[in-house]
Amino acid sequence: MLVVAGAVVFVIGRSASADPINVTTTGTRYAATVLIEDPHPGRVAVQVEVGKGDADSVALSAVMADMGHSTPEVTATERQPGRFVAEGELFSMSGVWELSIRLDGPAGEEQLAVKALITD
């Protein structure tokens, strides 16, 4: 069963130049820092650094509940121990998205979430 983290972080006060998103969220088994260098609609690279817990796998998906949009899960590739990168079309339009981070490892599976403002 997935455990949804109680901590959800809003990214606010961003300019039209699409400042990088850099947020950390913590659950009971894992903590993760999410970095999106160029947050825009379409294909993006999302970096996930696992700060607490030993994740073997990381996958991302996104939901824009207000508009009824969701994206299929994108599996991240481990580039270095504890550092994963997922590349794909996670955001189909500008707006507030909830990015779901599914982590799995020896401690079990956990799902964390962050909110991100995506701009053109």
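The values are calculated or read from the model by the stated rules, or taken from the named source; none is laboratory data. The model shown is predicted, which means the values in this text are computed figures rather than measured ones. Heads up, the Cβs are rebuilt from the backbone with ideal geometry, glycines too, and the neighbour counts pull from every protein chain shown. The area values use the complete protein model at the heavy-atom level, side chains included, leaving out ligands, DNA and RNA. Shrake-Rupley method; radii C 1.70, N 1.55, O 1.52, S 1.80 Å.
Computed quantities for the displayed model
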read-out: Test: residue in the stretch 48-65 that is under 18 Å from T119 (Cα atoms), of a type outside the set (S, T, N, Q) and not in a strand (DSSP E or B); value: yes
read-out: Selection from the stretch 49-99 of residues that are on the phi > 0 side of the Ramachandran plot and open to solvent by 30 Å² or more (accessible area, probe 1.4 Å); value: G53, G68
read-out: Residues satisfying the stated conditions in the stretch 15-38, i.e. modelled with pLDDT under 95, aliphatic (A, V, I, L, M) and open to solvent by less than 60 Å² (accessible area, probe 1.4 Å); value: A18
read-out: Qualifying residues in the stretch 100-120 (those that are under 17 Å from G68 (Cβ atoms) and under 11 Å from the mean Cα position of the chain (by Cα)) - the one surrounded by the fewest Cβ atoms within 10 Å (Cβ to Cβ); value: K115
